[in-house]
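First up is the structure itself, then whatever we jot down about it.
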Amino acid sequence: AHTKVDVRTGELLFFNYSTAYPYMHYGIVSPKGELVTYIDVPLPGPRLPHDMVFTENYSIVNDCPLFWDPDLLARDVYANRFHPDMPMRLGVIPRHGKTSDIVWFDCEPTFVLHWINAYEEGDEIVVDGYFQSDPAPYLPPDATIDERLFRYLDLHAMQSRPYRWRLNLKTGAVTEGLLSDTITEFGVINNAVAGKKYGVTYSAIPTEGWFTFDGVIRHEVETGREEVVRLPEGVFCSEAVFAPRVGATTEDDGYVMTYTIDVNADKSECVIYDARRMSEGPVARVELPERISSGTHAWWDDRSTSLLS
């Protein structure tokens, strides 16, 4: 689902997956639009990867133990099943490497919907994302239609929290654990530090029981300090984006922007916060001509440096 752009090189990194062997491929498109790398990533069977992450020299793909039930899939029925007895595997690929270069690391079983960032530190690759403690929440026989519809969308039920994996390329060891006890997802960073050591992520706060967001949290990944912005009842937001201030010299010198959807007033705004002082409230609000739907993903593209210009 998610491609990645390295703003330093202009490369587009991507993966795709299917129900046919080898089940996954990994590739790179150059800034000129040329496919310069495309390799097989053989998996044990069909999988459901949703996101990837990269460092300056490596790309990381995943093989999570939440995937289509093989017996049902053989009958052309697509039903998710979580296999807690299987590890989640992270595949580390040199950016322009070959299939034979892929190194796999076994981790605690989970499903990762979105990654935050990754970087190299000595012999290790540090990977941050959101660990789901319960990727397939239990549904009672009398579950309502809403509970069934949101089974794989209610991030509170799945208990999604910021998490860190350390992959040692020299020893093959994995060290992993929570970065925070706060239930969040859809984290964004300053795109300039993607693939590099970083300090701050801005995550969406999910609404319990629904697939909407009712706030944004600034999380300092090294100190654990968190700053929370909650929206009024009946107001929801999109995934945030980080826009660096012109002339910025630090990672968090900029603005956090999100679209808000006020279902009571039937209106939407673009709300802008100082990224370093979000709890002080918005520094600007722009009312949109129409109320927009509650959405998920967003992207900041600086017009002066846009890869599309």
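Close amide H pairs (under 5 Å, H built 1.01 Å from N) link G187 with A204, residues at least 5 positions away or on another chain. Along the stretch 119-131 the Karplus relation, 6.51 cos²θ - 1.76 cosθ + 1.60 evaluated at θ = phi - 60°, assigns HN-Hα couplings of 7, 9, 8, x, 7, 10, 10, 9, 10, 10, x, 10, 8 Hz to successive residues, with x for each Gly and Pro. Any idea what log10 I(q)/I(0) is at q = 0.21 Å⁻¹ for the stretch 96-211, Debye with uniform C-alpha scatterers and no solvent? One equal scatterer on each Cα of the stretch 96-211 leads to -1.16. Would you mind checking the stretch 259-291 for residues with the amide N under 12 Å from a putative spin-label position 7 Å along Cα→C-beta of T182? Residues 278-279 qualify, since their backbone N sits under 12 Å from the label point.
Restricting attention to the chain, the count of lysine pairs at 8 or more positions apart or across chains with alpha carbons under 26 Å apart stands at 11.
Only helical runs count toward this figure. For the chain, summing -39,500 (n - 2.57) over DSSP H runs of n ≥ 4 and dividing by all residues gives -500 deg cm²/dmol at 222 nm. Annotation for T144 and T249: the two label points, set 7 Å from Cα along the Cα-Cβ direction, are 5.5 nm apart. Using alpha carbon centroids, what distance separates the stretch 147-216 and the stretch 220-257, in Å? Cα centres, the stretch 147-216 to the stretch 220-257: 15 Å. Its Kirkwood hydrodynamic radius, worked out from the mean inverse distance over all distinct Cα pairs, puts the stretch 4-183 at 17.4 Å. Full extension of the segment from E226 to S279, taken as 0.36 nm per residue of separation minus the current Cα-Cα distance, would add 18.0 nm.
Listed values for the stretch 189-202 are Karplus-derived 3J(HN,Hα) couplings in whole Hz (6.51 cos²θ - 1.76 cosθ + 1.60, θ = phi - 60°), namely 9, 5, 4, 5, 9, 4, x, 10, 4, 9, x, 9, 10, 10, and x replaces Gly and Pro. Relative to the globular-protein estimate of 2.2 N^0.38 Å, the Cα radius of gyration of the stretch 70-153 stands at 1.44.
Taking 22 Å as R0, compute the FRET efficiency from the Cβ-Cβ separation of V36 and T296 and round it to 0.05. FRET efficiency, V36 to T296: 0.15.
Each value in this text was obtained by applying a stated rule to the coordinates, not by laboratory testing. Values in this document were obtained by computation on a predicted structure and should not be read as measured data. Every residue, glycine as well, gets a Cβ built from its backbone with ideal geometry; the counts of neighbours run over all protein chains shown.
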